[in-house]
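The values are calculated or read from the model by the stated rules, or taken from the named source; none is laboratory data. Quantities reported herein were computed from a predicted structural model and do not represent experimental measurements. Cβ coordinates were reconstructed from backbone atoms using ideal geometry, including for glycine residues, and neighbour counts include every protein chain displayed. These accessible areas exclude ligands, DNA and RNA; they are computed on the full protein's heavy atoms, side chains included. Shrake-Rupley method; radii C 1.70, N 1.55, O 1.52, S 1.80 Å.
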Amino acid sequence: MLNILKNDTIIVIKGKEKGKKGKVLKVFPEKGKIIVEGLNLIKKHTKKRRQQDQAGIIEKEGPISISNVAVNCSKCKKGVRIGIKRENKKLVRFCRTCNQGF
Ligand SMILES: [Zn+2]
């Protein structure tokens, strides 16, 4: 189980977008990367395939390394370290600062 899952809100803790928040759209566990809504936008050239398509440049979210983000705890109101524990035979995530479950 990963510390970060889809739909989590994360805070960037390293890099040029440090301090920004966003919702996790996609997780790539084997690469250790995530896609976050509105963050790390990269420009992509699009080709015009059909008449109604717009040719040109679109902005798309690029992958961010998991090590550059922290999960936002709604109680602590900051990026926190996440722990994983076994509860009733189920793995649950919790905030290491306030113990709140996720
Ligand atoms: Zn917390």
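Selection within the range 66-95: residues that are under 13 Å from Leu2 (Cα atoms) and small (Gly, Ala, Ser). The member of this set that is nearest to the chain's Cα centre (by Cα) is Ala70.
Selection of the range 51-72 for residues being surrounded by 11 or more Cβ atoms within 10 Å (Cβ to Cβ), β-branched (Val, Ile, Thr) and assigned to a strand (DSSP E or B) yields Ile58, Ile64, Val69, Val71. Among the residues making up the range 78-87, those that are assigned to a strand (DSSP E or B) and either within 14 Å of the ligand (Cβ to nearest atom) or surrounded by 11 or more Cβ atoms within 10 Å (Cβ to Cβ) (or both) are Lys78, Gly79, Val80, Ile82, Gly83, Ile84, Lys85.
Set side by side, the residues Lys14, Lys75, Lys90 differ, and just one is open to solvent by 70 Å² or more (accessible area, probe 1.4 Å), in contact (Cβ under 8 Å) with a residue 24 or more places away in the chain, out of contact with any Pro (no Cβ under 7 Å at 6 or more places or on another chain) and more than 16 Å from the ligand (Cβ to nearest atom), which is Lys14. Out of curiosity, is Gly101 more than 9 Å from the ligand (Cβ to nearest atom) and either within 19 Å of the chain's Cα centre (by Cα) or under 15 Å from Asp8 (Cα atoms) (or both)? For Gly101, the condition - more than 9 Å from the ligand (Cβ to nearest atom) and either within 19 Å of the chain's Cα centre (by Cα) or under 15 Å from Asp8 (Cα atoms) (or both) - is met. Of the residues making up the range 1-60, those that are over 17 Å from Val80 (Cβ atoms) and of a type in the set (A, V, I, L, M, F, W, C) number 10.
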